Amino acid sequence: MIPILMYHQIDQPQPRGTPYRGLTVHPRDFRRQMLWLRRLGYRGLSMSQLMPYLAGEKHGKVFGITFDDGYQNVLDHAVPVLEDCGFHATNYFVVRQLGGSNVWDHAEGVPSAALMGTAGLRAWVDAGHEVGSHTLNHPVLPRLSPQLAINEIRDSRDALEQISGSPVTAFCYPYGKYTPALAEQVQAAGYLSATTTARGLARVPDHAYALPRVAVMRSTLLVRFLQKCLTPLEDRKRRAAEARA
């Protein structure tokens, strides 16, 4: 079983009571998490690097590192840590908000946070990391018409490849919402993987277009973080969720 870590922002968390405050991990905690996994002999990989392990073609002490939305603070605070550890990561970008902010969160009272622009995206690539797609506009895909959903999936990949100058083969469903039909469209668009927000460790037989992840939150203390990554804790939670479904 392989943990695929899910992060959003790496920054000083907002004051207590701020909506979705838990999605911001302090840079100090992020560094501690990465350093401990490195000390334990693990290698952090991007999704494209991880796929041979998930297919059973390679074996080793590895884990995936993913960031949703393309926040500027990830470039500022996470990249130096990843470089120090020799790790690689995938960041899922929202094409039409490059250089903008998390507008999809504003109605929930979430403070605005800057997203990388095209220069930041290219700096992410130059640092050795992978660009993934989080659609054009960050919609709830199952609520769209089939054609609009296809456009969000396909056109975002095309745009990101033009901007980054590199292949875009990793996709992430906004809000983790997807259907089997959407997974088929992601595959048809040329992606090689897609991640969800479903809780659990990834297994070799898992569907490549519906991969679970390990959510790392502001409140995920180091001991709990290691339990999530290195013990059956997340898999037990996954089995429980599957039993309720």
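Directionally averaged projected area (region 174-245, Cα convex hull): 5.7 nm².
Among the protein heavy atoms of the chain, carbon and sulfur supply 51% of the accessible surface, probe 1.4 Å, non-protein parts ignored. Oblate is the label for region 25-155, because the ratio a/c of its alpha-carbon gyration tensor axes (a ≥ b ≥ c) is 1.5 or higher and a/b is not greater than b/c. The separation of region 164-185 from region 186-243, counted between C-alpha centres, amounts to 16 Å. Between Thr231 and Trp36, the contour length at 0.36 nm per residue exceeds the alpha carbon distance by 68.7 nm.
Taking a straight Cα-Cα cut-off under 24 Å and skipping sequence neighbours fewer than 8 places away in the same chain, the lysines within cross-link reach of Lys177 are Lys228, Lys237. Is the shape of region 110-155 rounded, prolate or oblate, going by the alpha carbon gyration tensor and its root eigenvalues a ≥ b ≥ c, with a/c under 1.5 for rounded and a/b larger than b/c for prolate? Here region 110-155 falls in the oblate category.
Once you reduce region 92-155 and region 1-62 to the center of their Cα atoms, the two points are 20 Å from each other. Measuring with a 1.4 angstrom probe and ignoring ligands and nucleic acids, Ser156 comes out at about 0 Å² accessible. The residues of region 80-128 present an accessible area of 42 Å² per residue when probed at 1.4 Å with all protein chains retained. The candidate values are (i) 18.6, 57; (ii) 41.2, 136; (iii) 16.7, 47; the one derived from this structure for Rg and Dmax of the Cα atoms in Å carries the label (iii). Here the dipole of the chain is about 1060 debye; that uses its Cα centre as origin and unit charges on the Cβ of Lys and Arg (positive) and Asp and Glu (negative).
Put a plus charge on the Cβ of each Lys and Arg, a minus charge on the Cβ of each Asp and Glu, and nothing anywhere else: the dipole of region 139-245 about its Cα centre is then about 720 debye. Each of Gly200, Pro146, Gly176 was placed along the dipole of the chain (beta-carbon charges, centred on the mean Cα), and the one lying farthest toward the positive end is Gly200.
Once every DSSP H run of n ≥ 4 in the chain is given -39500 (n - 2.57) and the sum is divided by its residues, what mean residue ellipticity at 222 nm do you get, rounded to the nearest 500 deg cm²/dmol? Provide the component values of the computation, followed by the final result.
Values: 8 runs with 86 residues, N = 245.
My calculation for the chain gives -10500 deg cm²/dmol from helical runs alone.
Scanning residues 5 or more positions from Arg43 or on other chains, those with amide H under 5 Å from its amide H are Val62, Phe63, with H placed 1.01 Å from N in the peptide plane. For region 191-196, backbone phi angles converted through the Karplus equation (6.51, -1.76, 1.60; θ = phi - 60°) give residue-by-residue couplings of 6, 10, 7, 8, 10, 10 Hz, Gly and Pro being listed as x.
Of all beta bridges DSSP finds with both residues in the chain, what is the antiparallel percent, to the nearest 5?
Details: 3 of 28 bridges.
Antiparallel bridges: around 10 percent, rounded to the nearest 5.
The values are calculated or read from the model by the stated rules, or taken from the named source; none is laboratory data. Being a predicted model, the structure only gives us computed values, none of them experimental. Here Cβ is always computed from backbone atoms with ideal geometry, including for glycine, and neighbour counts include all displayed protein chains. For accessibility, only protein heavy atoms count, side chains too; no ligands or nucleic acids. Shrake-Rupley method; radii C 1.70, N 1.55, O 1.52, S 1.80 Å.
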